[in-house]
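The next block holds one structure in the form of structure tokens; read it before the comments.
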Amino acid sequence: MSDQPQFQLDGQPIPFQPGDTIMQAAHRAGVYIPHLCFHPQFRPHGSCRLCVVNMQGKTVSACTQPASIDLEVHSETTELRQSRLRLIQLLFAEGNHFCPSCETSGNCQLQALAYDLGMTHYHYDPFYPTRIPDGSHPELFIDRDRCIQCDLCGRASEQADHKAIYLLAGRGQHTHVAFRSDDGELGSTQAQAEDRASHVCPVGCILPKSGNYPDIAGARLYDQIPIHAQGNHRRDDGGTHDD
Amino acid sequence: MTTKKVRVATCSLAGCFGCHMSFLDMDEALIPLLDHIEFDRSPLTDIKTATRCDIGLIEGGLCNEENKEVLHQFREQCTYLVAVGACAINGGVPAMRNHLSVQACLEESYLDGLGVVDAQIPNDPELPALLPKVLPLQAEVAIDFFLPGCPPPAAAFLELVQAVLEQRAPNLDYASRRFD
Amino acid sequence: MAESPFEWLRAKSDFPEWDTDLAEQTLLNQHPAPFRPERALQSLVVLQQQFGQVSPPMQTWLASKSGVTVADLRSLVSFYQFLEPTPPPRYHLRFANNIIEQINGVNHLVEQARATLHDADCKVETTSCIGLSDHPIAALINGHPITRLNRSNINELCQLIRAGKSLQEWPRRWFAVDNTIHHPGPLTSYPYARGQGLALATQQGQQWVLNHMDASGLRGLGGAGFPTAVKWRLCAEQADPVKYITCNADEGEPGTFKDRFYLTVQTDQVIEGMAIAAVAVGASKGYLYLRGEYLYLVKHIEAVLQQWRERGQLGAGFDIELQLGAGAYVCGEESAMLESLAGKRGIPTSKPPFPGQKGLFGKPTVVNNVETLVAATYILQQGSSAFRLVGTEHSPGSRLHSVSGDCRRPGLYELPQGAPVQDLLALCGAEDAHCVQSGGPSGALLLRHQFQTPLDFESPGRGGSVMVFNRDRSLWDITRNFTRFFQHESCGFCTPCRAGTVAMNHLLDRYEQPTTARQKAQTRADMIELTQLMQHTSHCGLGKTAGLPVLNFLNQGAGHE
């Protein structure tokens, strides 16, 4: 233990293994750094930027920054909390997030982080983009209004399912999740409800067509316990999602 | 606490009055509160025009010209203007029409929709013109506080009023920060 | 035998019908193995050029030949602006909408063209800077540059389109691109002896070249100013035997056109620079990544490359392949360019690892700007001390500045590093300049009292792109133009840039509207905060700097709205 290299995260020593990112090491040590696109089982993406931390005068994403010895990393600062709040607000403003009617409400990691960061409103003008849903699959529904372009589905589909069904397409604000089929519809792919990719979406974009709203308000994942205290989970992952 | 009663105005723009219901959900907490607050314009009083107030609670977003006018009146009259609920904060369910043109919405509702009888688009000049997009309150005026939720829980209203009475910033606890 | 799709001024502006044999032949003419997955983007570019579109059936065909899925091809088409899935109009007119074009009235021309051509088989669009700000107003017609458009000749142009005249029948002078150097310097006027520097490099060997470059103090002239020797050495030190040299000719920074000059006039020096870099790091393959807007330079560059091969200076140990971008500014970011070269969407990758460690196809890669490579050639032939004769201690040498806007002689000026802005303004005839945007939209806005600022890497006014504005220009219009540009060019990968550039434009909309003092102050505070958010949390340089025009405006522009 004492031989293992360490860095400091908010003054706390975090041991790390060679090749670790700051996020991987912190995650293993049970220290929460807010994140949405990071998942310990999949390669890092670095797109949501929620995991920004300060390190030697620079702001970097913890999920892509390699850990190194004697680093002094700061995460829970007033400035970074404010930056994360604004990033979350940008994510809300750029999509169409109607929480009251969303199947994932209460179990949504975007929403849970917003709660945790004290968000009460969007701050930015909502973009109200027009995004096309996909209902072609018999068991799955795609609501792109809620997509945050994190590519977790893409990575899970490739790394866990070995199907590589999901990908990101478009540019800029028109970036969107797409599917590897000739007609571009999910229903024409080999996607199955049991796939890992069907159960990795941190928001309510990839959903089963049935069995939604199983829990009453108050009994859902993030109704009582904030995300920083229990980590990024989904209600259908048996508590293993983020471990 | 201040001795003078805090004057509160409320209204619903493009909303469903659900937030008002939730306000009333304070139940017995309302009784002692009434020693400290009084209502101005509100569906609870049936006063139609707001006068000088301490708190203005607005639920619902902006979907027509009249909404904008009422909002500006509230902004002028209220020291603290509060956007109450999902619709006031981000347009909410009414904003789901923002992908469509107003004309398309009217045609679906009044001409082509299922079960429409005597199809015609209402055109009474007294009807306020619809805005091209449903907008949150913040798009039009400065907002002092936000109570998220659909509706915000009664506790959130209570905390807001208490905070104004105690002349401090409201502090919504985890359970009161709800988007649904 | 299929005609090369890059033939300058093709015989007709109509495109042939989709034909798989013709497609295959065309692709094979361009590359011996066009169906390798990493060639997907290049094949789409070639097909776009040959058939005027990359329609769904064409994508399906390419997918079946290359094994790249249709969805991946679609995602490329949806990313690169110059790839069009729909049938081409007979004429595709793309006006540059850079601020220089805007102050010269491009908006009027666009309106005029749209009104006149509304029923013609012509699509009128705008696009980001096309590297012709010294000849405003510039446009691309079916990929060919047209310069010096104005309110009178636009009518003539519209009439030609209405009459269905092929581009060959259009006045030749419209297509003239002037590459005069108004003020030459060492890099643009020395007695270049082709291949001499490369011969010396080959003879002296890797370490000598690296030390020599070190001694020169050359810093990357694409904008970032990173020491070239350090970059080369990092790549040279990697154990992987396969290494690549890439030349970044994705000159997208609005107001810049120096690469257009180098690639046209000093093409040999660019190629030689790449070959020298190859010696320095031990690479056997080089790629020249040319922006799609410079399609008209392809034929010339290919011809020069062929001469090098025929002389045996390329081909044996080291060869260079030309690849094209397709309308994406972000691909000028080095890691995005490498992604694009590998046939993917131009999304910048996380650093570390740096390209020198893990770049193109995962191999150690040098990425140098066109001008840096020209400078390397100069240093090898003339010596590092000759290079250091001008410039400053920390920014040695000289560089070409692309000057555009309100001056009598817009164009190219080579000045020593560290020369003050006012010297450049005096040379180009901009006595009544009111302000200068130096280094492109993400650079510095310098007002008159700051014109003594040196143009070098240590100062805010780095130069490169120098856009000059007189007192009549609205700083507000400039800010809006730049901010819209960044929104349009954001790759969409990370939250702060993808959503932040849009939110910034919303804030500017708000700022413009009549409102209360309280809201105005709030909007101003929001803009400053968003700029800082983007600066600190964005994934790459585009997002980090996309808010700077607004900050420049708020700091410098008050009262000049």
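A viscosity of 1.002 mPa s and a temperature of 20 °C, combined with the Kirkwood radius over C-alpha pairs in the Stokes-Einstein formula, give region C:305-458 a diffusion coefficient of 116 µm²/s. Look at A:Y166, C:Y287 and count the other Cβ atoms within 10 Å of each Cβ; fewest to most, that gives C:Y287, A:Y166. Report the normalised scattering of region B:58-100 as log10 I(q)/I(0) at q = 0.21, 0.27 Å⁻¹, calculated by the Debye formula with identical scatterers on the alpha carbons. So the normalised log intensities work out to -0.68, -0.97.
Scaled to the compact-protein estimate 2.2 N^0.38 Å, what is the alpha-carbon radius of gyration of region C:475-556, rounded to two decimal places?
So the Cα radius of gyration is 1.01 times the expected 2.2 N^0.38 Å.
Spin-label model, C:Q306 to A:T130: label points 7 Å out along the Cα-to-beta-carbon direction sit 4.8 nm apart.
Taking 0.36 nm per residue of sequence separation and subtracting the Cα-Cα distance, how much length would be gained by fully extending the chain between B:K4 and B:I31, in nm to one decimal?
Working: separation 27, 0.36 × 27 = 9.72 nm, distance 1.69 nm.
Gain in length upon complete extension: 8.0 nm.
Working note: Karplus 6.51/-1.76/1.60 with θ = phi - 60° gives region B:124-129 the couplings 4, x, 6, 6, x, 5 Hz, where Gly and Pro are set to x.
Taking 37 °C and 0.692 mPa s as the conditions, I'd like the Stokes-Einstein D for chain A in µm²/s, using the Kirkwood hydrodynamic radius from alpha carbon pairs.
Reported coefficient: 176 µm²/s.
Counting, for every residue in B:96-106, the Cβ atoms of other protein chains within 10 Å of its Cβ and taking the mean gives 2. Applying a length cut-off of 20 Å (Cα extent along the axis) and a mean Kyte-Doolittle floor of -1.0 to the DSSP H helices of chain C leaves C:267-281, C:475-489, C:517-537. Across region C:53-131, what fraction of all alpha-carbon pairs, as a whole percent, falls in each successive 5 Å bin from zero upward? Final binned percentages: 3, 14, 19, 16, 15, 13, 10, 6, 4, 0. For the Cα atoms of chain B, what angle does the longest principal axis make with the long axis of helix B:65-77, in degrees from 0 to 90, nearest 10? For B:65-77 against chain B, the angle is about 20 degrees. With all pairs of separate Cα atoms included, the protein assembly as shown yields a Kirkwood hydrodynamic radius of 30.7 Å.
Taking Cβ separations below 4.7 Å as the criterion for a possible disulfide partner, the isolated cysteines in chain C are C:C122, C:C129, C:C158, C:C235, C:C247, C:C331, C:C435, C:C491, C:C494, C:C497, C:C540.
Panel order for A:C63, A:C147, by other beta carbons found within 10 Å of each beta carbon, from fewest to most: A:C147, A:C63.
Partner chain Cβ atoms within 10 Å, averaged over the residues of B:25-31 - can you pull that number for me?
So the per-residue partner count for this stretch is 0.
Note that region C:398-470 shows a convex hull volume over its alpha carbon atoms of 65 Å³ per residue. Rg/Rh, computed from the Cα trace of region A:6-76 with Rh as the Kirkwood radius, has the value 0.91. Computed packing ranks the peptides C:89-101, C:246-258, C:414-426 as C:246-258, C:89-101, C:414-426, most packed first, by mean other Cβ atoms within 10 Å.
Report note on the peptides B:6-15, A:155-164, C:15-24: ranked by the mean count of other C-beta atoms within 10 Å, highest first, their order is B:6-15, A:155-164, C:15-24. Taking amide H as placed 1.01 Å from N in the peptide plane, the amide H of B:S42 sits under 5 Å from that of B:T10, B:I47, each at least 5 places away or on another chain.
With both partners inside chain C, how many of the DSSP beta bridges are antiparallel, as a percent to the nearest 5?
On the way: 24 of 53 bridges.
Restricted to chain C, the bridges split so that about 45 percent are antiparallel.
Summarising the amide proton neighbourhood of A:L9: residues at separation of 5 or more, or on other chains, whose placed amide H is nearer than 5 Å comprise A:I14, A:V73.
Relative to the longest principal axis of the Cα atoms of chain B, the long axis of helix B:154-165 lies at roughly 50 degrees. For chain A, the cysteines with no partner cysteine C-beta closer than 4.7 Å are A:C51, A:C63, A:C99, A:C102, A:C108, A:C153, A:C201.
Across peptide B:168-174, what mean number of C-beta atoms from other chains lies inside 10 Å of a residue's C-beta?
Whole-number average of other-chain Cβ neighbours for B:168-174 is 2.
Protection proxy ranking of B:125-137, B:146-158, C:162-174, by the mean of other Cβ atoms within 10 Å over each peptide's residues and highest first, is B:146-158, B:125-137, C:162-174.
Spatially, region C:191-231 and region C:462-540 are offset by 38 Å when compared through their Cα centroids. When C:T202, C:T545, C:T86 are sorted by how many other C-beta atoms sit within 10 angstrom of their C-beta, beginning with the fewest, the order is C:T86, C:T202, C:T545.
The trypsin sites (Lys or Arg not before Pro) of region C:395-463 that DSSP puts in a loop, and whose beta carbon has at most 13 other beta carbons within 10 Å, are C:R408. Computed across region C:91-175, the Kirkwood radius stands at 12.5 Å (inverse of mean 1/r, all Cα pairs). Its Cα gyration tensor gives region C:195-388 an equivalent ellipsoid. The semi-axes, each the square root of 5 times an eigenvalue, are 22, 19, 16 Å from largest down.
Going by Cα centres, region B:23-88 and region C:365-416 are how many Å apart? Using only Cα atoms, the two centres lie 66 Å from each other. The value for chain B of Rg(Cα) / (2.2 N^0.38 Å) is 1.11. Taking 30 Å as the limit for the C-alpha separation, the pairs C:K243/C:K351; C:K123/C:K285; B:K133/C:K351; A:K163/C:K358 exceed it in the case of C:K123/C:K285; B:K133/C:K351. Relative to the longest principal axis of the Cα atoms of chain A, helix A:78-94 runs at roughly 10 degrees. Close amide H partners of C:L322, meaning residues 5 or more places away or on another chain with modelled amide H under 5 Å apart, are C:L288. For region A:42-88 versus region C:42-68, the spacing of their alpha-carbon centroids is 41 Å. Here the spin labels are modelled as points 7 Å beyond Cα on the Cα-Cβ line, and at C:A215 and A:S210 they lie 7.9 nm apart.
Distance distribution P(r), region C:422-561, all Cα-Cα pairs, bin width 5 angstrom from 0: 2, 10, 20, 21, 18, 15, 9, 4, 1, 0 percent. Calculated over chain C, the projected area of the Cα convex hull averaged across directions stands at 24.8 nm².
Just so you know, all these numbers are worked out from the coordinates, no wet-lab data involved. Nothing here was measured: the structure is a model prediction, and the numbers come from that model. Cβ atoms come from the backbone with ideal geometry, glycine included; neighbour counts cover every protein chain shown.
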